[in-house]
Amino acid sequence: MLELRPILSALWRHKVSALLIALQLGLTLAIVSNALVVIDERSERISRPTGLAVEDINSFSFLAIPEDYDKFEAFRLDLDMIRSLPGVASATISNHVPLSGSGSASGFYTEPNKETGGISANYYTVDEHFIDALGMKLTAGRGFSPEEVMQVGATSSERPTVAVVTQKFADEVFPEGNALGKAFFLGGDDHPIEVVGIVERNLGPWPNSSVAGRGVFYPAIMDQWFYYIVRAEPGQRDAVLKLVEEKLAERDPNRVINADTMEEQKAQQYASDNTMIKVLASVVILLTFIVALGIVGLTVFWITQRQKQIGVRRALGATRSAISRYFLLENLIIAVTGIALGAAAAQVFNGFLASEFNQPALPPIVTISCALFLLGVSLAAALVPALRAANISPATATRSV
Amino acid sequence: MLKMHNIRKSYRTDTIETHALRDFSLEVDEGEFVSVTGPSGSGKTTFLNIAGLLETPTGGEYRLDGEDVSNLNDRQRSRLRNEKIGFIFQGFNLIPDLNLFDNIDVPLRYRGFNAKERKKRIEKVLDQVGLSARAKHLPAQLSGGQQQRVAIARALAGEPRFLLADEPTGNLDSLMARQVMELLEFINEWGTTIVMVTHDPDLARRAHRNIQIVDGQVSDLHRATAPATAEIA
């Protein structure tokens, strides 16, 4: 038979310690549920599809030492050499490397000579191999022909007339749909640029920025900003990285070569997210452990304090299971009180995080799941002491302890 | 009512084995009031624990109300304690967090009575011990004698056939002790069998029969006011 009323009146007599544990549970629920929401948001952000063959791509840049160095000739020779190497699937040249943290962005308009109301997007200058080299998927139109690719030096005034854009760019700049064949303009300019192709996705150089996913690719090679982007055959990335680095240095020793894998660059972009996930996960584990420890401590303390009382209850006819049930029920009451307080605190805390730190809203299912989890932890923590209490001999009632 | 034959109880530590009861035999008839005396460490409490099913004997046979209870499991022993035996302890052993009503309610809840039945029984026994007006008081708000009367009420609420009292007046002054003893005698007159462990020879003499335990065995039998049977081991 459930002893709810006697337990409540016993708890009322020890309300301070019971309330402290309940508050500890409540606080844990408030923090854990909000931490999980942040962890989920960050994990989702990290696992977003990039639209790129991240695992297979290396990028290379060089710093030429001589001032009159013919970069365009070097690009041609380097890329021809790279594409002929074993393990290389494709190679392109670009002014920036996606996911690298370094890039260019501009405002784009559907009408000429506009200064406001445009949409910001990243832009890249690339050669005709860029779709294949980046491992992107062309969903509409075409890529670039070799003839379309311009060489843009510091004094060039020539501008591209065609572009390939990402689907997100197409959807947002041309919300009415069917972006293919349509023209867009740079801010304050009347030079039309026609969309000739659409790629499925490219998160761009700053995956956590507001422009992430909006990308424009021009058929051009710039001698001021340039990176070789090399996609290796699956599983060949590291070997290709080493080989290309060696061959570039071998072909022309008068330059300094820098090499990176796209995976490393992506990891750097998400470093703060990963750190946040690790810190919050540690907080969740630590808090849960502390709350469990608190419950074990309180239950053990109360059982020790009430050893004689347990013996008396056993003498009066309580079975072992009745004793365990008593302490588990007592713990359940404390836990439910704490969880009810914690659920309310979680919402208040979430409101604060949302308004001050732009954190996502706390879905009820997360609070409910955390509440059930903490309830389980609480009962598990009380289980061993409760089972030990059941082993207290009824003869304790007649002892002078 | 109670029949012990060659009961043995020993406690073992790493280095020593202590024999608390040795070939202990005793019979108590239904309706008897038996007092148990003996020096400290003689085995009185061990006898009481075994008689009250609080401990199991190491050997021997114990029949309570005709039933062999020597080898019952814990659940069966708990049920028998709850249904057939009432306990009165020297230190009262009331639960300090519960008021008088809830204290008396403890064994009735384990018995599985419904709320209405429990309330009826609690009010009846509180009335019998003269503490109806204090039902909502906590034990700490009562005198020692009143607390022991509550303990007696708790023991009586389940209407046990067998009452075990461990030094029921040990913590009381002489006036309170006399009142409690009168209450026990009154209860015995209703037909409840009582076995009372006491150090007080005056109280012991008021029982129908007094047995003395020395070194874990019944050493003496003294008939007081009513015929009784006992076996000396």
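Quick one: would you say residue B:91 is at the interface with another protein chain (Cβ under 8 Å from one of its Cβ atoms), surrounded by fewer than 22 Cβ atoms within 10 Å (Cβ to Cβ) and either touching a residue at least 12 places away in the same chain (Cβ under 8 Å) or under 19 Å from residue B:194 (Cβ atoms) (or both)? It would help to see each step written out before you state the result.
Details: at the interface with another protein chain (Cβ under 8 Å from one of its Cβ atoms): yes; surrounded by fewer than 22 Cβ atoms within 10 Å (Cβ to Cβ): yes; either touching a residue at least 12 places away in the same chain (Cβ under 8 Å) or under 19 Å from residue B:194 (Cβ atoms) (or both): yes.
The answer is yes for residue B:91.
Meeting the requirement of 2 or more residues that are over 30 Å from residue A:70 (Cβ atoms), the strands (runs of 3 or more DSSP E) wholly within the range A:148-216 are A:162-166, A:183-186, A:193-199. Applying the criterion of being assigned to a loop (DSSP other than H, G, I, E, B) and aliphatic (A, V, I, L, M) to the residues of the range A:355-398, the residue that is farthest from residue A:299 (Cα to Cα) is A:361. For the range A:376-401, filtering for residues that are farther than 30 Å from residue B:40 by Cα and either out of contact with any Leu (no Cβ under 8 Å at 6 or more places or on another chain) or of a type in the set (Ser, Thr, Tyr) (or both) leaves 8.
When you scan the range A:303-312, do you find a residue that is within 48 Å of the chain's Cα centre (by Cα), assigned to a helix (DSSP H, G or I) and more than 8 Å from every other protein chain (Cβ to nearest Cβ), even just one? Yes, the range A:303-312 has at least one match. In the condition set (1) under 19 Å from residue B:166 (Cα atoms); (2) β-branched (Val, Ile, Thr); (3) touching a Phe, Trp or Tyr at 6+ places or on another chain (Cβ under 7 Å), residue B:88 is compliant with all but (3). For residue A:17, the conditions (1) closer than 30 Å to residue A:206 by Cβ; (2) surrounded by fewer than 21 Cβ atoms within 10 Å (Cβ to Cβ); (3) hydroxyl-bearing (Ser, Thr, Tyr) are fulfilled apart from (1). Among the residues of the range B:57-83, those identified as more than 10 Å from chain A (Cβ to nearest Cβ), in contact (Cβ under 8 Å) with a residue 24 or more places away in the chain and under 19 Å from the mean Cα position of the chain (by Cα) are B:57, B:62, B:63, B:64, B:65. The lone criterion from (1) more than 14 Å from chain B (Cβ to nearest Cβ); (2) modelled with pLDDT under 90; (3) out of contact with any helix residue (DSSP H, G or I) (no Cβ under 7 Å at 6 or more places or on another chain) left unmet by residue A:359 is number (3). For residue A:66, state whether it is more than 14 Å from chain B (Cβ to nearest Cβ), surrounded by fewer than 17 Cβ atoms within 10 Å (Cβ to Cβ), at pLDDT 90 or above and in a loop (DSSP other than H, G, I, E, B). No; evaluated as a whole, the condition is false for this residue. Within the range B:97-135, if we keep just the residues that are at pLDDT 90 or above and under 19 Å from residue A:14 (Cβ atoms), the residue that is farthest from the other protein chains (Cβ to nearest Cβ) turns out to be B:103. Put simply, of A:322, A:335 the only residue that is at pLDDT 90 or above, within 37 Å of the chain's Cα centre (by Cα) and of a type in the set (A, V, I, L, M, F, W, C) is A:335. For the range A:339-356, state whether one or more residues are over 29 Å from the mean Cα position of the chain (by Cα) and either surrounded by fewer than 16 Cβ atoms within 10 Å (Cβ to Cβ) or of a type in the set (Phe, Trp, Tyr) (or both). Taking every residue of the range A:339-356 in turn, at least one turns out to be over 29 Å from the mean Cα position of the chain (by Cα) and either surrounded by fewer than 16 Cβ atoms within 10 Å (Cβ to Cβ) or of a type in the set (Phe, Trp, Tyr) (or both). Pairs meeting the criteria (first residue in the range A:158-172 and over 12 Å from residue A:195 (Cα atoms), second residue modelled with pLDDT of 95 or more and crowded, with 24+ Cβ neighbours inside 10 Å, beta carbons under 7 Å, at least 6 apart or on different chains) are A:168/A:214; A:172/A:214.
Within the range A:18-31, identify whether any single residue is in a helix (DSSP H, G or I), within 30 Å of residue A:281 (Cα to Cα) and within 14 Å of another protein chain (Cβ to nearest Cβ), and answer yes or no. If you could, list the steps in order and put the result at the bottom.
First, pick out the residues of the range A:18-31 that are in a helix (DSSP H, G or I): A:18-31.
Adding the requirement that they be within 30 Å of residue A:281 (Cα to Cα) leaves A:18-31.
Those still in the list that are within 14 Å of another protein chain (Cβ to nearest Cβ) too: A:18.
Yes, because at least one residue in the range A:18-31 is in a helix (DSSP H, G or I), within 30 Å of residue A:281 (Cα to Cα) and within 14 Å of another protein chain (Cβ to nearest Cβ).
Scanning the range B:138-186 for residues that are of a type in the set (Gly, Ala, Ser) and either in a helix (DSSP H, G or I) or within 14 Å of another protein chain (Cβ to nearest Cβ) (or both) returns B:140, B:144, B:145, B:151, B:153, B:155, B:157, B:158, B:165, B:170, B:174, B:177. Filtered by the rule that a residue be within 15 Å of residue B:218 (Cβ to Cβ) and either among the aliphatic types (A, V, I, L, M) or free of Cβ contacts under 8 Å to residues at least 60 places away in the same chain (or both), the range B:40-56 gives B:48, B:50, B:51.
One residue stands out among those in the range B:8-37 that are small (Gly, Ala, Ser), within 26 Å of residue A:316 (Cβ to Cβ) and more than 14 Å from chain A (Cβ to nearest Cβ): the one that is surrounded by the most Cβ atoms within 10 Å (Cβ to Cβ), which is B:35.
Could you tell me whether the range A:225-248 includes any residue that is in a loop (DSSP other than H, G, I, E, B) and touching a strand residue (DSSP E or B) at 6+ places or on another chain (Cβ under 6 Å)? Step through it out loud before you land on a result.
Restricting attention to the range A:225-248, the residues satisfying the condition of being in a loop (DSSP other than H, G, I, E, B) are A:225-226, A:233-236.
In the following step, the residues that additionally are touching a strand residue (DSSP E or B) at 6+ places or on another chain (Cβ under 6 Å) were identified as A:226, A:233.
Looking through the range A:225-248, at least one residue is in a loop (DSSP other than H, G, I, E, B) and touching a strand residue (DSSP E or B) at 6+ places or on another chain (Cβ under 6 Å).
Residues in the range A:260-275 that are surrounded by 17 or more Cβ atoms within 10 Å (Cβ to Cβ) and either of a type outside the set (D, E, K, R) or over 30 Å from residue A:359 (Cα atoms) (or both): A:260, A:261, A:262, A:265, A:269, A:270. Applying a threshold of 8 Å to beta carbon distances and a minimum spacing of six or more residues, or different chains, the list of pairs starting in the range A:3-17 at a residue that is touching a residue at least 60 places away in the same chain (Cβ under 8 Å) and within 17 Å of residue B:107 (Cβ to Cβ) and ending at one that is of a type in the set (Phe, Trp, Tyr) and surrounded by 14 or more Cβ atoms within 10 Å (Cβ to Cβ) reads A:3/A:326; A:7/A:326.
The values are calculated or read from the model by the stated rules, or taken from the named source; none is laboratory data. No experiment lies behind these values; they were computed from the predicted model shown. Ideal geometry is used to build each Cβ from the backbone, glycine not excepted, and the neighbour counts take in all protein chains shown.
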